[in-house]
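Bear in mind these aren't lab numbers, they're just calculated from the coordinates by the rules spelled out. Note that the coordinates shown come from a computational prediction; the quantities given were computed from them, not determined experimentally. Note that we place each Cβ from the backbone using ideal geometry, even for glycine, and neighbour counts take in every protein chain shown.
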Amino acid sequence: MISGLIVLAVCGGALFLTKPRKASRKRIPEDTRQNSQKELIVSRNKAEQEASRDFNISTAALITAMISKSIPGLLPVSLPLLFYTSFPVFKGAVQSFVEKKKIGNDAIVSSTILICFALKEYTTVALGAWFYFLGNKIIVKVKDQSKERYVKIFKQQSSKVWALKDGVEIQMPLDELDVGDVIVVGPGENIPVDGIIINGQAQLTQQALIGESWPAEKSKGDFVFASTAVLTGRIVIRIQKTEKEVLIAKIDQILNSTEDFKTRLDLKGNEWADWGALPIMSLSGLTWLLMGPTASVVVLSSHFGNRIRIISTLGSLNHLNLSSDSGILIKDGRILETLPMIDTILFDKTGTLTEEQPKITQINAYGSYREDDILLYAATAESQFSHPIAKAVLQEAENRRLTLKEVKDSNYRFGYGITVNIDNKIIKVGSLRHMQETGISVPQDMEVVIERAHSKGHSIILVSIDNEILGIIEFKQSVRPQARQMLQGLRARGIQHIYIVSGDQEQPTKAIAESLSIDRYFYEILPEDKAAIVEQLQKEGRNVCFVGDEINDSLAMKKANISISLKGASSVVNDISHVVLMDEDLARICDLFDISIRSQLHLVGNLVIVMLPTAIIISGAYLFGMGIQTAVLVKNIGMVGGIANTMRPLKELKPSSLENNEYD
């Protein structure tokens, strides 16, 4: 009687709570999609508390159910606890049937619980629930540890910004600023936090957010987002969300997408679980007719759906932990599955395969201008930028102790160069393409200098003053020490095509490609053309990985199957990329492929461990008269074995990697 009432109550409650309701589908404004830091921390604590509460209740249910066998008076205490622990499964089964018209894993578990209630096998119900909530608690714990690691890694990327204090611009660490503080962002700089423009106007690239290269006009009163960059103009921004708030939002997005993601093997396992639901239920019904209800429940309990759910999630999270411990920040668990399918890697030349900052080898000055004059104009124009050429120019100006001038107006064009007003002179600094595009001709004697520089594999930028070229600056780029070994490692791992793409001239690009035995090189490529190359390779059936470091790589990185950047790259690029190499060691790319392969092999092993108990239990029911509790123990011993196997990669983590946690 009591068992029947419980069954009716559970089914009725589950059906009521899963009854379809009309829901309004209002579009959530972009600026409200990210939760605040406070909300995210509350959410995190709530998840921990719920997991602990459910596990504690299931533990109490198990203990009281076991004791009630000897002390029947405890049964009224045990039954409400069993009701609570059974309810989520019944709700899932009814919801699946009502919304998807599908009978799957939850239906099998629900049927098992119903029969166990009917047979008064309360301990069996409690034992199954205990293992179920134990798995949930482990997932929450591992996810929390992953978050702690990611916080520590992301904090290494904190940068400096220009803050406006009492009318004076002061460079200070971004993580020291709070909501309401004011920062100044100029051309070529990234907007590091969400905020409102209180002064100025600018053209922004929003590639990191929407993937479009067309600039957006923003002015006073407009809201701007982190991960956008100023192309032209200068804006003063009042901070609405601190770096830490944006950081926590990014981390939660990474971990949520990883936890929810299912690899093809996971999906195949779930397909098997759902596909096997009806055959298992049919076999259970036949077993009831042949051998009675006890053997029928044993057959039902052999199903492996819950084990797959728990173990696949833990596997993804643990391999993310392993990669982060190796200095590899993976921002989406799907990368671990996609990597083995990559057959083409496209490297941006400058700053990735070459040293981040080239060296100036020669400054050619013309007319009445000296080398220092040309360098000063170039350094002043490039002073707001952080790309490798700009850094080299500014470093040389600092070495020569030159004092930069004031810039009145500026206009930057991706892949071309910058135009500024200095001392009422129009200064253009950029590529030969930039000069030609603006109608400035190159004198014949300068063409000879340019050809000579190119023949030596040097890169150049031109400096024009009032529409006359009066300076040529030559740069030499050095290949990163680990580049050759890394490329050999990629070949050994089955990468068939390795290419270089660059906005630089042909000769410097060709020189680097030949020195590294690169298959093919693309030169004088504009940002949108880089994306077009990726798209064309994909149309040819290639799976493309793009490795870059500058904002002009962002469109190509958005198109690629996988994108990789190095720590120290443009913050926009690091936001877009799927993977960041935190120690800037290119050899980590090979480690990344190794971790991916191991994760897939590990998952195959887990699926075997998960499915083996199913065969043992069904055989035991027919051959040895296996009891219900024994079957539940065998099934969950298999789950524990799968969890133990899934947790094995954590043995490779450094003991100190979770110490000194800063997440508070």
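Can you tell me, using C-alpha contacts under 8 Å and at least 6 residues apart, the relative contact order of segment 359-476 as a whole percent?
30 percent
Using a cut-off of 31 Å between Cα atoms, the listed pairs Lys349/Lys425; Lys331/Lys476; Lys218/Lys425 include Lys349/Lys425; Lys331/Lys476 as exceeding that distance.
The fewest-to-most ranking of Cys545, Cys116, Cys590 by surrounding Cβ atoms within 10 Å reads Cys590, Cys116, Cys545. Evaluated at q = 0.10, 0.12, 0.19 Å⁻¹, the base-10 log of the normalised Debye intensity for segment 359-476, with identical point scatterers placed on the Cα atoms, takes the values -0.25, -0.36, -0.99. Each of Leu623, His602, Pro613 was placed along the dipole of segment 583-636 (beta-carbon charges, centred on the mean Cα), and the one lying farthest toward the positive end is Leu623.
Computed from point charges on the beta carbon alone (+1 for Lys and Arg, -1 for Asp and Glu), the dipole magnitude for segment 359-476 about its Cα centre is near 360 Debye. In this rough spin-label picture, where each label sits 7 Å from Cα along the Cβ direction, the Asn424-Glu406 distance is 1.4 nm.
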